[in-house]
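Data block below; observations after.
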Amino acid sequence: MLELFIPGPTNVDQNVAQSLTKPMTGHRAPEFSELFAEVDQNLKKILYTQNRVFQLTCAATGAWEAVSRNFVGKGVLHVVNGAFSQRWAEISEICGKEVGVIELPWGKAVKPEQIRERLLTGKFDAVALAHNETSTGVLANLEEISSMLKREFPDVLFLIDSVSSMAGVKIEIDKLGVDACFASLQKAWGLPSGYALLCVSENAMERSREQKNKGYYFDLEVYDKFYKKNQTPYTPSIPHIYGLQTQTKRILEEGLDNRFKRHKSMAKFARNWVLENGFELFSEEGYHSETLTCVANTREIDIEKVAKVLKEKGYLFDKGYGKIKFKTFRISHMGETTQERLEKFLKTLEETIKASN
Ligand SMILES: Cc1ncc(COP(=O)(O)O)c(C=O)c1O
């Protein structure tokens, strides 16, 4: 079995994997609602929220579409600083929304002033950004952006893609006033792919009620009706909910502060490794991701060759993403990854690079 050091899917704990095979129940049975309610309580703790946490049987790409269709009225301002934030902006357009873009060089982080300037045009009632741009390893500063939005644009909805940060980085949703925050489970949650969580504020629900053309599968008003009964509108992936039951318990047992500290310290270790090994960090100083490290391939190593050798040694290694593939590579340190496993992997990576180049 390969150990995954790619930024998703990530490794799944054995107990969690086993819980996915529990016997099925009916999604309208009382036992299901009990299970859903238990998971929901745990999710609220992990996300520091009293808001609804919708469960969607789809990849995060579905959540992108749901958010764009439900929460954008007049227009949405997208921050684009990498492959994933770019794709989300494209999805908003495809969904027929008025889209404005703050286009940044890949690797850079947005500053509140850049958002403020564009919002002053009055064209937008939503801001959308990737909290953790997985292609470049840039972590946005939500606190700074949120305080500017609260102070100057209280009616603008704050929509964040936290696909590769949620459950690995502390996101105090209610305190930050984030209106929509979503992730799929195959990254820092440490669960298999194909399921997404979407946390939605009351203001965002109000916006959804005003929208037309929300499509069928992602009309969140329908999700809300069923959420009140601890159900989902359509037959969900019940194995994922069993997985979430086990994994949310494990996360709370680890302790949220411990979990976020673990991610921070692994990130620091990875960054030191990068610099000590003569590479550079691709992400802007002060905005480095805590769940993955994007490495600028300044030594011009043969990434394909390194990946091949690492595979023989039992590791799946990332080769960079999108237009910066091979110019960068990414080291994932999230979910089930521990300091010990990361150190072992980086030692092997170092030896492999030495031997292959
Ligand atoms: C930041 C970000 N957003 C969205 C996605 C899309 O997720 P999914 O493959 O679950 O649709 C990814 C996938 O890597 C991602 O990293």
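Computed from the coordinates by the stated procedures, all read-outs in this text should not be read as laboratory data. Note that this is a predicted model, so its numbers are computed, not measured. With ideal geometry, Cβ positions are generated from the backbone for all residues, glycine too; neighbour counts draw on all protein chains shown.
Per residue of the stretch 59-67, what does 6.51 cos²θ - 1.76 cosθ + 1.60 with θ = phi - 60° give for ³J(HN,Hα)? Whole Hz please, x for Gly and Pro, Karplus curve as stated.
Coupling constants for the stretch 59-67: 6, 4, 4, x, 5, 3, 5, 4, 5 Hz.
Under 5 Å between amide H atoms, partner at least 5 residues away or on a different chain: which partners does His288 have, H built in plane at 1.01 Å?
Amide H to amide H, under 5 Å and 5 or more residues apart or across chains, His288 pairs with Leu139.
Enumerate the amide H contacts of Arg52 below 5 Å, restricted to partners 5 or more residues apart or on another chain; note that Pro and chain-start residues carry no placed amide H.
Val200
Using a simple charge model, +1 on the beta-carbon of Lys and Arg, -1 on the beta-carbon of Asp and Glu, nothing else, what dipole does the stretch 14-253 show about its Cα centre, in debye to the nearest 20?
It works out to roughly 300 debye.
Could you tell me which residue out of Leu176, Gly243, Gly75 lies farthest along the dipole of the chain toward its positive end? Charges go on the beta carbon: Lys and Arg +1, Asp and Glu -1, centred on the Cα centre.
Positive-end residue among those listed: Gly243.
Taking a ≥ b ≥ c as the square roots of the eigenvalues of the Cα gyration tensor of the chain, is the shape rounded (a/c under 1.5), prolate (a/b larger than b/c) or oblate?
oblate
Rounded to the nearest 20 Debye, what is the dipole magnitude of the stretch 43-168 about its Cα centre when Lys and Arg each give +1 and Asp and Glu each give -1 at the C-beta?
340 debye
Just to confirm the filter: which chymotrypsin sites (Phe, Trp or Tyr not before Pro) across the stretch 185-222 are DSSP coil and have at most 13 other Cβ within 10 angstrom of their Cβ?
Filter output for the stretch 185-222: Tyr216.
Per residue of the stretch 204-219, in order, report the coupling 6.51 cos²θ - 1.76 cosθ + 1.60 (Karplus, θ = phi - 60°) as ³J(HN,Hα) in whole Hz, putting x for Gly and Pro.
3J(HN,Hα) across the stretch 204-219, in whole Hz: 5, 4, 4, 4, 4, 4, 8, 8, 10, 6, 8, x, 9, 5, 10, 6.
Go through 154-162, 180-188 and give me the packing order, highest mean Cβ count within 10 Å leading.
My ranking of the peptides, most packed first, is 180-188, 154-162.
List the lysines whose alpha-carbon lies under 25 Å from that of Lys344, not counting same-chain residues fewer than 8 positions away?
Lys344 reaches Lys187, Lys261, Lys264, Lys268, Lys305, Lys308, Lys311, Lys313, Lys319, Lys325, Lys327, Lys354.
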